[in-house]
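Have a look at the structure below before the remarks.
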């Protein structure tokens, strides 16, 4: 295909870079969640803060895996996506229970 026909679409190199950027972004998010756990426990004495970070991280990871399943039909992505979404929901419930108690 010519560049004219592909106007507005990502080429293979751009798609590879986008994928790598997404993976690195999720890794950085995970590392920030670990830092948030340590800070919330030892510095701020607010464990609820760590629960919120993990909830957001697992929601992002789960939605990413579910979108990948939708387009690639990889059963492993579906399973990982479902597990991640369940973890996000569990952290949300834990956060609510901790706030109520």
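By other beta-carbon atoms within 10 Å, ranking 11, 84 with the fewest at the front produces 11, 84.
When a/c is below 1.5 the answer is rounded, else prolate if a/b is larger than b/c, else oblate, so apply that to the chain with a ≥ b ≥ c taken from the square roots of the Cα gyration tensor eigenvalues. It comes out prolate by the Cα gyration axes.
With a Förster radius of 22 Å applied to the beta-carbon distance between residue 99 and residue 63, the computed FRET efficiency rounds to 0.35. From helices alone, the chain scores -29500 deg cm²/dmol at 222 nm; the rule is -39500 (n - 2.57) for each run of n ≥ 4 DSSP H residues, then divide by the residue total. Relative to the dominant Cα principal axis of the chain, helix 75-100 is inclined by about 30°.
Bear in mind these aren't lab numbers, they're just calculated from the coordinates by the rules spelled out. Please read all numbers here as calculations on a predicted model, not as lab measurements. Note that we place each Cβ from the backbone using ideal geometry, even for glycine, and neighbour counts take in every protein chain shown.
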